[in-house]
Amino acid sequence: MTKRRPIDIQREAAITLMVEDEEDPSPVKGFISTSNALYVFKEESIYKVQLADDIDPGRTNYDIPNLNQKILPAGENNEVVARVLLTTKCLFDENNATVSPFVGAFLEQSIYLTKHILELQEMIYNLRYKIIQKEEIFKKKEYNINNFSLPFVSGLDQELHNILVKADRAKDSILALYRLHFFPEGKKKPNMDEYDVVINDKLLSKPDILAGWNETIMVLRLIRNIRNASEHRRDGNQLRAQDFEMQPDGSINSPIVGIEHKDTPIEPIQVVDFLDLIDNMILDHAEGSIVTIRCAVLLDNNPFNEQVGYLPAEKRRHPLVRYCRLVNLDGEMRILG
């Protein structure tokens, strides 16, 4: 029998690990285990735990510690975390120490998606705040005919473009969730039309599930098109942004944006309303896609006649996690897991 070295004894011993920092001293609320790592949920943040063997699998350095690192500055109290990552955990987590490759990959991809949406929301918040702050300052000022100055939003066009690029990355992350189930052996990244053909074919007999995908693909195409209209501007295909502007009747328009595109044009609307539209579409269809994919998975393997259900607020285990797994027990639908 091979003699155990001191490093083997150290690595195989029980451990106690503190997961905290001065920004979030709250207690641990939950875990997600994937094939790559253990993730720890707190109220205001999420951490990735790495054991010494993850860093030094050959056990060559006695001094390598077990460690944790904050990966998201938002936790269980955050709506995006709840509606994307916690919903994924609720619908897919196998609650085992070792998860299947598909579930592990799905959980990991949901973390990436959550990260993109959180970053998108921060960008949206910053631009909205800048515009609203300019409006409020302008309304409080007194002007006369010889001293009238319109507000100016520095970098408006570039910030809108950056937001659309980030929204497009969130779109790609949503599609990556579909890819894990509908293209499990795919080597090449499918294009939007290929997703649509395969998913429509596989869900043709389930129009209620297919309807969720059909709504999502319309939104994802819109996101792609408006991002392209901003990136590759030409006549008939471009984003047009206008700063504060005075009208002939003396009224002042808040910044507006419009999209010229042959398939998905958007008439000029206030930038703050446009930003809210992007924000809501991405989050709604990220959450909806997780539900759609879970329903599709159950078509292939559902030994317990499991269903995906929407829970009213008073029945939720988490106030922001709206969907759960349900099974029929003695004629009553009960939450599974």
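The values are calculated or read from the model by the stated rules, or taken from the named source; none is laboratory data. In this text, all values refer to a predicted model and were calculated from it rather than measured experimentally. Cβ sites come from the backbone with ideal geometry, for glycine too, and all protein chains shown count toward neighbours. Only protein heavy atoms, including side chains, enter the accessible area calculation; ligands, DNA and RNA are left aside. Shrake-Rupley method; radii C 1.70, N 1.55, O 1.52, S 1.80 Å.
Look at (1) part of a helix (DSSP H, G or I); (2) of a type outside the set (K, R); (3) under 30 Å from S100 (Cα atoms) and you find that D157 fails only one, number (3). Looking at Q238, Q242, Q247, can you tell me which residue is among the polar types (S, T, N, Q), farther than 15 Å from T264 by Cβ and without any contact (Cβ under 8 Å) to a residue 24 or more places away in the chain? Just one listed residue meets the conditions, Q247.
At pLDDT 90 or above, surrounded by fewer than 17 Cβ atoms within 10 Å (Cβ to Cβ) and not β-branched (V, I, T): is that true of N96 in this structure?
When the stated conditions are applied, N96 does not pass them.
Within the range 34-80, the set of residues being acidic (D, E) and either within 24 Å of the chain's Cα centre (by Cα) or modelled with pLDDT of 90 or more (or both) comprises E43, E44, D56, D63, E76, E79.
For the range 1-115, please list each of the helices (runs of 4 or more DSSP H) lying entirely inside it that holds at least 1 residues being touching a strand residue (DSSP E or B) at 6+ places or on another chain (Cβ under 6 Å) and of a type in the set (D, E, K, R).
Numbers: elements: 6-12, 52-55, 87-92.
The qualifying helices (runs of 4 or more DSSP H) are 87-92.
Taking the conditions (1) farther than 21 Å from S289 by Cα; (2) hydrophobic (A, V, I, L, M, F, W, C); (3) surrounded by fewer than 21 Cβ atoms within 10 Å (Cβ to Cβ) in turn, F102 satisfies each one other than (1). Among the residues making up the range 47-93, a single one is touching a residue at least 60 places away in the same chain (Cβ under 8 Å) and open to solvent by 70 Å² or more (accessible area, probe 1.4 Å): E79.
Within the bounds of the range 286-308, is there any residue that is of a type outside the set (D, E), closer than 17 Å to A211 by Cβ and open to solvent by 40 Å² or more (accessible area, probe 1.4 Å)? Checking the range 286-308: at least one residue is of a type outside the set (D, E), closer than 17 Å to A211 by Cβ and open to solvent by 40 Å² or more (accessible area, probe 1.4 Å). Whenever a residue of the range 258-281 is within 17 Å of V80 (Cβ to Cβ), its partners that are in a helix (DSSP H, G or I) and at pLDDT 95 or above, lying with C-beta atoms within less than 6 angstrom and at least six residues away or across chains, give the pairs L275/I124; L275/R128; I278/A167; D279/I124; M281/V219.
Of all residue pairs spaced 6 or more apart or on separate chains, those with beta-carbon atoms under 6 Å, a first member in the range 141-153 that is in contact (Cβ under 8 Å) with a residue 12 or more places away in the chain and β-branched (V, I, T) and a second member that is part of a loop (DSSP other than H, G, I, E, B) and open to solvent by less than 100 Å² (accessible area, probe 1.4 Å) are V153/D243; V153/P255.
Among residues of the range 244-267 being closer than 29 Å to R221 by Cβ and of a type in the set (D, E), the one that is most open to solvent (accessible area, probe 1.4 Å) is E267. Identify, please: which residue in the range 162-203 is under 23 Å from F92 (Cα atoms) and exposed (fewer than 14 other Cβ atoms within 10 Å of the Cβ) and is, among those, modelled with the highest pLDDT? Within the range 162-203, the match that is modelled with the highest pLDDT is N200. Number of residues in the range 175-198 that are in contact (Cβ under 8 Å) with a residue 60 or more places away in the chain and not aromatic (F, W, Y): the value is 5. All of (1) surrounded by fewer than 17 Cβ atoms within 10 Å (Cβ to Cβ); (2) in contact with a Lys or Arg (Cβ under 9 Å, 6 or more places away or on another chain); (3) over 16 Å from T88 (Cα atoms); (4) of a type outside the set (D, E) hold for I335 with one exception: (3).
Considering only the range 127-137, I want to know if a residue exists there that is closer than 26 Å to R83 by Cα and either open to solvent by less than 10 Å² (accessible area, probe 1.4 Å) or among the polar types (S, T, N, Q) (or both). Can you show your working first?
Of all residues in the range 127-137, those closer than 26 Å to R83 by Cα come to 127-129.
With the extra rule that they be either open to solvent by less than 10 Å² (accessible area, probe 1.4 Å) or among the polar types (S, T, N, Q) (or both), the set shrinks to 127.
Yes, because at least one residue in the range 127-137 is closer than 26 Å to R83 by Cα and either open to solvent by less than 10 Å² (accessible area, probe 1.4 Å) or among the polar types (S, T, N, Q) (or both).
The requirement of being open to solvent by 20 Å² or more (accessible area, probe 1.4 Å), of a type outside the set (G, A, S) and in contact with a Ser or Thr (Cβ under 6 Å, 6 or more places away or on another chain) is fulfilled somewhere in the range 27-43, by at least one residue.
For the range 51-70, state whether one or more residues are in contact with a Ser or Thr (Cβ under 9 Å, 6 or more places away or on another chain) and within 28 Å of I117 (Cα to Cα). Can you show your working first?
Let us first name the residues in the range 51-70 that are in contact with a Ser or Thr (Cβ under 9 Å, 6 or more places away or on another chain), namely 70.
Narrowing further to those that are within 28 Å of I117 (Cα to Cα): 70.
Looking for residues that are in contact with a Ser or Thr (Cβ under 9 Å, 6 or more places away or on another chain) and within 28 Å of I117 (Cα to Cα), one finds at least one in the range 51-70, hence yes.
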